[in-house]
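Asks: Please find one structure pasted underneath; my questions will follow.
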Amino acid sequence: MNYDNVEILLVEDSTDDALLTMRALKKSGLTNKLHHVIDGAEALDFIFCMGVYASRNIKEYPKLILLDLKMPKVSGIQVLERVKSDPDLKSIPVVMLTSSNESPDIEKCFALGANSYIVKPVDSDNFFKAIKEIGLFWIKLNQPQH
Amino acid sequence: MRAYSYVNLVIADQKILNTAFLENPEYYCSFKDSPKKSNHCCINYPILFKKKHLYLRDMKKNDSDELIIAYKELAFQHQEKENRAAELIIANKELIFQNEEKEHRAAELIIANKELAFQNEEKENRAAELVIANIELAFQNKEKEKRAEELIIANRELKQAEDDIRKLNDELEQKVIERTAQLEAVNKELGSFSYSVSHDLRAPIRAINGYTKILQEDYADKFDADGVKVLQTIIRNSKKMGELIDDLLAFSKLGRKQVTVSAVDMNELVTIVREELLFEDGENIPVFDVKILPPAKGDKSLIKQVWINLISNALKYSRKKNKTTVEIGAYEQNNLIVYYVKDAGAGFDMQYYDKLFGVFQRLHSHEEFDGTGIGLAIVQKIIHRHKGTVWAESALNEGTCFYFSLPKTNPLN
């Protein structure tokens, strides 16, 4: 499988949320190439070209990482920490997605350099609206450093 | 040696007479021991002298030389006697004087003795007093010792009491620490429970809502009108459930939130809340009448929530009126400031007043006015956490006025 030119990396353990997110992006006209990984460990493999992603070109950075916070194995926080502490990767916008505004980690996410923190709305209209706005802002409007 | 002249005899007086007696003792012995000797003697002097004179005249011739010598001898002896007598007189006088002196001295000594006796008495008195005083002192000393012992005991008791109090305090502190730890643990548990509830409950509801939405959008042609209605109902209810979960969590979060008190500019806060209001199409644009609102002591973000909830409520329940008017004001009452939000909306029946501030309690149906019934419960909780009170007055179809009181700010701060 060709993992080059991946513009959006979606890190989401819930297949339902992943499906709804991808649908929302597509409906918003954001047809950029998206890759979905199911937990933090796979996300790190993808980002640092390890395991099944060993052959991936490490110089190909995604334009946006949508990162779920609560995941098995490696949490979103740990992935965020690795990305933001890497000088080559830290400029990639990372949007934290979470089901809860009760998370004890909101402040920690911002301290580590998260670019946004989104509580996924229950209502699908609002959920679609939120995903659409994130996509539009970080893919279309935001000018990356490199 | 028996030649005595008459003149000399006269001068010799009694002593001469004695000598004469020696010459003729037979004569004198006849009256010597008589009780009236001297009278008898005197009465007989002439007889004596006459007899003597005759006797002496007879002897004169033989004894004249001896007489001269004897006379001289006598004169000398007489002189000696006189000297001796004079000396005796002087000595007597001296003795008398000395006696007198001695008497004076004795008198003085008596006085001195008396004085001494008095002084002794005084001293004895004083000594007696001293003895009494000593006894008194000894008694006082004993009392003092007793008192000292009592004080020692009292001190010991005090020390014991102090130790007890300290021990109790330590125990209390330990209890407080334990309770605090327990509370912190419970709080933490509640926090993770809230997180779990909000995360784990919201995810499946979001899926229900999202998938139903997909059905509605992508498979609409597969459903008849009833089917579409069912889909809408699923969406509406799942959305509602999401809101309930969010409200419940917001309410439980309030109890755990730290209240940070500062002076709050209420006019500024109300202006911010008004600016943040969003209006749907066709909705009445409210007419606000905001009076001067004195500042209050409170947690700004929480007090803001109170204004948001009360103003939103006023607008919501005025929606069915042609015009929406909201009056916001304040007045002082007993060191508190009472703020109020008054609308001319639907109002409610005061007989259900006790349900007004309950969690998820509603006085209107969801069809009449939407809402979860958490807004006023949150208001009440916030105001209670500020040691204030919240209450309301209402008349059905005429409007409602909500009041809440907060502590006055100290003008010095």
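The values are calculated or read from the model by the stated rules, or taken from the named source; none is laboratory data. Predicted model, so just to flag it, every value in this text is computed and none were measured. Using ideal geometry, Cβ is built from the backbone for each residue, glycine included, and neighbour counts are taken over all protein chains shown.
Asks: Say whether the condition of being over 29 Å from B:R236 (Cα atoms) and without any contact (Cβ under 8 Å) to a residue 40 or more places away in the chain is met by at least one residue in segment B:354-374. Step through it out loud before you land on a result.
Replies: Initially, segment B:354-374 is screened for residues over 29 Å from B:R236 (Cα atoms), giving B:354.
Now narrow it down to the ones that are without any contact (Cβ under 8 Å) to a residue 40 or more places away in the chain: B:354.
The answer is yes, given that some residue of segment B:354-374 is over 29 Å from B:R236 (Cα atoms) and without any contact (Cβ under 8 Å) to a residue 40 or more places away in the chain.
Asks: Okay, next question. Would you mind finding the one in A:D13, A:D86, A:D45 that is of a type in the set (D, E), closer than 29 Å to B:I208 by Cα and modelled with pLDDT of 90 or more?
Replies: Working: A:D86 fails: closer than 29 Å to B:I208 by Cα; A:D45 fails: closer than 29 Å to B:I208 by Cα.
Criteria check complete, one pass: A:D13.
Asks: Now for a separate question. Among the numbered criteria (1) at pLDDT 85 or above; (2) surrounded by 12 or more Cβ atoms within 10 Å (Cβ to Cβ), which one does B:N99 miss?
Replies: (1)
Asks: Pairs, please: C-beta under 6 Å, at least 6 apart or cross-chain, first residue closer than 17 Å to A:E12 by Cβ and in contact (Cβ under 8 Å) with a residue 60 or more places away in the chain and in segment A:83-98, second among the hydrophobic types (A, V, I, L, M, F, W, C) and surrounded by 19 or more Cβ atoms within 10 Å (Cβ to Cβ)?
Replies: As it stands, the answer is A:L97/A:L66, since those pairs meet every condition given.
Asks: Under the condition of being away from chain B (no Cβ under 14 Å) and more than 17 Å from the chain's Cα centre (by Cα), which residue from segment A:20-52 is nearest to A:D88 (Cα to Cα)?
Replies: We begin by selecting, within segment A:20-52, every residue away from chain B (no Cβ under 14 Å); these are A:29-52.
Retained after the next criterion (residues that are more than 17 Å from the chain's Cα centre (by Cα)): A:29, A:50-52.
On the way: A:G29: 29, A:M50: 16, A:G51: 20, A:V52: 21 Å.
So, considering only residues that are away from chain B (no Cβ under 14 Å) and more than 17 Å from the chain's Cα centre (by Cα), the one nearest to A:D88 (Cα to Cα) is A:M50.
Asks: If you don't mind, there's one more thing I want to ask. Could you tell me which residue of segment B:202-217 is nearest to the other protein chains (Cβ to nearest Cβ), considering only residues that are over 13 Å from A:D123 (Cα atoms) and touching a helix residue (DSSP H, G or I) at 6+ places or on another chain (Cβ under 7 Å)?
Replies: Of all residues in segment B:202-217, those over 13 Å from A:D123 (Cα atoms) come to B:215-217.
When the remaining residues are screened for being touching a helix residue (DSSP H, G or I) at 6+ places or on another chain (Cβ under 7 Å), the result is B:215-216.
Numbers: B:L215: 11, B:Q216: 9 Å.
Filtering first and then ranking leaves B:Q216.
Asks: Restricting attention to segment A:93-117, which residues are within 12 Å of chain B (Cβ to nearest Cβ) and not hydroxyl-bearing (S, T, Y)? Steps first, answer last, please.
Replies: Just the residues of segment A:93-117 that are within 12 Å of chain B (Cβ to nearest Cβ), to begin with: A:97-106.
Matches in segment A:93-117: A:L97, A:N101, A:E102, A:P104, A:D105, A:I106.
Asks: Pick from segment A:93-117 the residues that are within 17 Å of B:I245 (Cβ to Cβ), crowded, with 20+ Cβ neighbours inside 10 Å and in contact with a strand residue (DSSP E or B) (Cβ under 8 Å, 6 or more places away or on another chain): which of them is modelled with the highest pLDDT? Give the derivation first.
Replies: Taking segment A:93-117 as the starting set, the residues that turn out to be within 17 Å of B:I245 (Cβ to Cβ) are A:98-103.
From what is left, the residues that are crowded, with 20+ Cβ neighbours inside 10 Å are A:98-100, A:102-103.
Filter once more, so that each one left must be in contact with a strand residue (DSSP E or B) (Cβ under 8 Å, 6 or more places away or on another chain): A:98-100.
Numbers: A:T98: 86, A:S99: 81, A:S100: 74.
Checking each candidate, the answer is A:T98.
Asks: If A:R82 satisfies all but one of (1) part of a loop (DSSP other than H, G, I, E, B); (2) away from chain B (no Cβ under 14 Å), what's the number of the condition it fails?
Replies: The number of the failed condition is (1).
Asks: Let me ask something else. Identify, by number, the condition in (1) away from every other protein chain (no Cβ under 13 Å); (2) surrounded by fewer than 20 Cβ atoms within 10 Å (Cβ to Cβ) that A:I65 doesn't meet.
Replies: Among (1) away from every other protein chain (no Cβ under 13 Å); (2) surrounded by fewer than 20 Cβ atoms within 10 Å (Cβ to Cβ), A:I65 violates only (2).
Asks: Output the residues belonging to segment A:32-53 that are in contact with a Leu (Cβ under 8 Å, 6 or more places away or on another chain) and free of Cβ contacts under 8 Å to residues at least 40 places away in the same chain.
Replies: Matches in segment A:32-53: A:L34, A:H35, A:H36, A:V37, A:A43, A:M50.
Let's see how each residue does on (1) modelled with pLDDT under 90; (2) over 21 Å from A:D105 (Cβ atoms):
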position	(1), (2)
A:K33	yes, yes
A:I38	no, no
A:L66	no, no
A:V74	yes, no
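Asks: Kindly check whether there is at least one residue in segment A:54-75 that is in contact (Cβ under 8 Å) with a residue 12 or more places away in the chain, acidic (D, E) and either touching a Pro at 6+ places or on another chain (Cβ under 8 Å) or not in a helix (DSSP H, G or I) (or both).
Replies: yes
Asks: For segment B:379-388, give me the residue count where each residue is closer than 18 Å to B:Y340 by Cβ and touching a residue at least 24 places away in the same chain (Cβ under 8 Å). Outline the logic, then answer.
Replies: Step one: filter segment B:379-388 for residues closer than 18 Å to B:Y340 by Cβ, giving B:379-380, B:382-384, B:386, B:388.
Then keep just the ones that are touching a residue at least 24 places away in the same chain (Cβ under 8 Å); that gives B:379, B:382-383, B:386, B:388.
Of the residues in segment B:379-388, 5 are closer than 18 Å to B:Y340 by Cβ and touching a residue at least 24 places away in the same chain (Cβ under 8 Å).
Asks: Still on this structure, I have one more. Would you mind finding the one in A:K140, A:K120, A:K90, A:K129 that is under 22 Å from A:N32 (Cα atoms), surrounded by fewer than 15 Cβ atoms within 10 Å (Cβ to Cβ), out of contact with any Asp or Glu (no Cβ under 6 Å at 6 or more places or on another chain) and within 14 Å of another protein chain (Cβ to nearest Cβ)? Walk me through how you get there before you give the answer.
Replies: Values: A:K140 fails: within 14 Å of another protein chain (Cβ to nearest Cβ); A:K120 fails: surrounded by fewer than 15 Cβ atoms within 10 Å (Cβ to Cβ); A:K90 fails: within 14 Å of another protein chain (Cβ to nearest Cβ).
Selected residue: A:K129, the only one of A:K140, A:K120, A:K90, A:K129 that is under 22 Å from A:N32 (Cα atoms), surrounded by fewer than 15 Cβ atoms within 10 Å (Cβ to Cβ), out of contact with any Asp or Glu (no Cβ under 6 Å at 6 or more places or on another chain) and within 14 Å of another protein chain (Cβ to nearest Cβ).
Asks: Pairs needed: first member in segment B:174-195, within 19 Å of A:N101 (Cβ to Cβ) and modelled with pLDDT under 85; second member anywhere, charged (D, E, K, R) and surrounded by 12 or more Cβ atoms within 10 Å (Cβ to Cβ); C-beta distance under 6 Å; at least 6 residues apart or different chains.
Replies: Pairs found: B:N187/B:R256; B:S194/A:E102; B:Y195/A:E102.
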